[in-house]
There are 4 protein chains.
Amino acid sequence: MDNSGITAEEVLRVMLERDRFTQWMGLVIDDHGKGFCKLHFVVKEEMLNGFHNIHGGILFSASDSAFAFACNSHGLITVALDVTISFARPVKSGELLTVEAKEIFLGNKIGIYDIRTNNDRNEPVCFFKGTAYRTSKPVR
Amino acid sequence: MDNSGITAEEVLRVMLERDRFTQWMGLVIDDHGKGFCKLHFVVKEEMLNGFHNIHGGILFSASDSAFAFACNSHGLITVALDVTISFARPVKSGELLTVEAKEIFLGNKIGIYDIRTNNDRNEPVCFFKGTAYRTSKPVR
Amino acid sequence: MDNSGITAEEVLRVMLERDRFTQWMGLVIDDHGKGFCKLHFVVKEEMLNGFHNIHGGILFSASDSAFAFACNSHGLITVALDVTISFARPVKSGELLTVEAKEIFLGNKIGIYDIRTNNDRNEPVCFFKGTAYRTSKPVR
Amino acid sequence: MDNSGITAEEVLRVMLERDRFTQWMGLVIDDHGKGFCKLHFVVKEEMLNGFHNIHGGILFSASDSAFAFACNSHGLITVALDVTISFARPVKSGELLTVEAKEIFLGNKIGIYDIRTNNDRNEPVCFFKGTAYRTSKPVR
């Protein structure tokens, strides 16, 4: 399924250098390969909502980036169709969050991914499940 | 259900003035009241992903803000539990997006909201459904 | 998108005559056409869970049948990828439920559907959102 | 969190003896305890849809039963709020399916569960994520 002639490493490099929002969030990739991605970031003031907690959209976005890096790793352009996120606990400014994306299914056209975010006490913050559609176009 | 002694208008003002990420996105509220919210924004370069489209996290975040403004409008602090988003079409930099949140259920403890985002040709961009838990604490 | 040479009416007839579980549930189609379906059923004892309410799986199943009838109506075999359901209130044996499926997006490969179930006081019971993948194979 | 004065074993017995739809599906519990449940069943003709595959509603229902047995195991009546299911592959009549529910978060009011269904070649069939609201009423 991976005969796109581009390695996971190259895909990640291409995606990262153009991904302005991932840059804005300050996501740091810790590990990456075929079907997985692990990253972390620190919550900053611009990421807060009206109740002094992290905006749910930031939690989603960090998971969504990890999802994208994991599902595109096979070299074909792969787009999110449906995502669900369940929120477990609030997060404050300054906390360090770790996000881990795992491929739980890879079919011809569809991949399914499980992404979990933990805080620095290793407590779960949110649970993201995403389904992606695999086009036949190679990345770059 | 709304005897919190605070109007929808006051809730919105309190939330908006502290919501750093909503400010960063440049969301503009067009309409707001008990159980609904309508807003718009323009997609900027910092919101793009590695494929020159809007990052899915931004689409989620704008819907999530509309969701939060709608579900907190009754005056009680209300937090997102579960959200699902389905993506229909890509969006480029410079496009104007309209986001509309409607309350489709309001119970004692739970509210359910339907949030839709359209582009400026009035084509659907994404569909967001969110469930929120209503605490007994008033906003502010 | 509908040049499959089979009408919505024929698709429904073909699907219904073979759909053993829809038959078991006693679903009655009230209206059907390209991209929509309306049906009703009465909750029976075999549909209850351990708390004397309707089993969540039955609510899902009735919506899922309406979803399938709506998304296959264009004549191409169309399969569910992702579904989310939000439960609003319990239902007892003997209640009459109405289920309405609407197409909210139809693309080349993907359709998105909104399905709502109401009780006979017209109160919402559950909200179902489904994404389906359109194969290139005609029904039958 | 479990001081309801009823064991997981008793909860399961009470729920099972009244759960007519779980009985109809022929679900067999293989393992059960605080926060988890494992069960299996064999797909029968009455469970098929119009394309000779298992009806998506049955896959959901079996997962939903495992979810209910897992989340009520702590002794408080616990109800599903939101569920998402992603379908990975079709299933035919006669196949044996295994369903495993795990608690991935337990808070005061909310529990989050991950339920996976595999076929007898240990291939994934569907992925179910559910959020439940914990009432303060004990089971029975």
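For B:Val42, are the conditions met, namely being within 11 Å of another protein chain (Cβ to nearest Cβ) and either over 14 Å from B:Val99 (Cβ atoms) or touching a residue at least 12 places away in the same chain (Cβ under 8 Å) (or both)? No; evaluated as a whole, the condition is false for this residue. Looking across the range C:115-137, the residues that are over 15 Å from D:Leu81 (Cβ atoms) and either among the polar types (S, T, N, Q) or under 16 Å from the mean Cα position of the chain (by Cα) (or both) come down to C:Ile115, C:Arg116, C:Thr117, C:Asn118, C:Asn119, C:Asn122, C:Gly130, C:Thr131, C:Ala132, C:Tyr133, C:Thr135, C:Ser136. Comparison of B:Ile85, B:Ile77 shows that the only residue that is touching a Leu at 6+ places or on another chain (Cβ under 9 Å) and either at negative phi or not in a strand (DSSP E or B) (or both) is B:Ile85.
Residue-wise test of (1) of a type in the set (A, V, I, L, M); (2) under 19 Å from B:Ile110 (Cβ atoms); (3) touching a strand residue (DSSP E or B) at 6+ places or on another chain (Cβ under 6 Å).
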{"site": "D:Asn49", "(1), (2), (3)": "no, no, no"}
{"site": "D:Asn53", "(1), (2), (3)": "no, no, no"}
{"site": "D:Ala62", "(1), (2), (3)": "yes, no, yes"}
{"site": "D:Ala70", "(1), (2), (3)": "yes, no, yes"}
{"site": "D:Leu97", "(1), (2), (3)": "yes, no, yes"}
{"site": "D:Asn118", "(1), (2), (3)": "no, no, yes"}
{"site": "D:Asn122", "(1), (2), (3)": "no, no, no"}
{"site": "D:Phe127", "(1), (2), (3)": "no, no, yes"}
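Just to verify a result, which residue in the range D:67-81, among those that are surrounded by fewer than 24 Cβ atoms within 10 Å (Cβ to Cβ) and in contact (Cβ under 8 Å) with a residue 60 or more places away in the chain, is nearest to the other protein chains (Cβ to nearest Cβ)? Only one residue tops the list, namely D:Ile77. Of the residues examined, B:Arg89 is one that is more than 9 Å from chain A (Cβ to nearest Cβ) and within 24 Å of C:Val83 (Cβ to Cβ). In the set (1) within 17 Å of D:Gly56 (Cβ to Cβ); (2) within 8 Å of chain D (Cβ to nearest Cβ); (3) among the charged types (D, E, K, R); (4) without any contact (Cβ under 8 Å) to a residue 60 or more places away in the chain, C:Asp114 fails one condition alone, (2). Flag set for B:Met15, criterion: within 20 Å of A:Asn49 (Cα to Cα), at the interface with another protein chain (Cβ under 7 Å from one of its Cβ atoms) and not aromatic (Phe, Trp, Tyr). Among the residues making up the range A:88-111, those that are in contact (Cβ under 8 Å) with a residue 24 or more places away in the chain and within 16 Å of the chain's Cα centre (by Cα) are A:Leu96, A:Leu97, A:Thr98, A:Val99, A:Glu100, A:Ala101, A:Lys102, A:Glu103, A:Gly111.
Remark: D:Asp64 falls outside the filter, which requires a residue to be out of contact with any Cys (no Cβ under 9 Å at 6 or more places or on another chain), buried (at least 22 other Cβ atoms within 10 Å of the Cβ), in a strand (DSSP E or B) and at the interface with chain C (Cβ under 9 Å from one of its Cβ atoms). Quick one: is A:Thr84 polar (S, T, N, Q) and within 10 Å of chain B (Cβ to nearest Cβ)? Spelling it out, A:Thr84 is indeed polar (S, T, N, Q) and within 10 Å of chain B (Cβ to nearest Cβ).
Taken together, the values in this text are just the output of simple stated rules run on the coordinates, not laboratory data. Small disclaimer: the values here were computed from a predicted structure and weren't measured. Every residue, glycine as well, gets a Cβ built from its backbone with ideal geometry; the counts of neighbours run over all protein chains shown.
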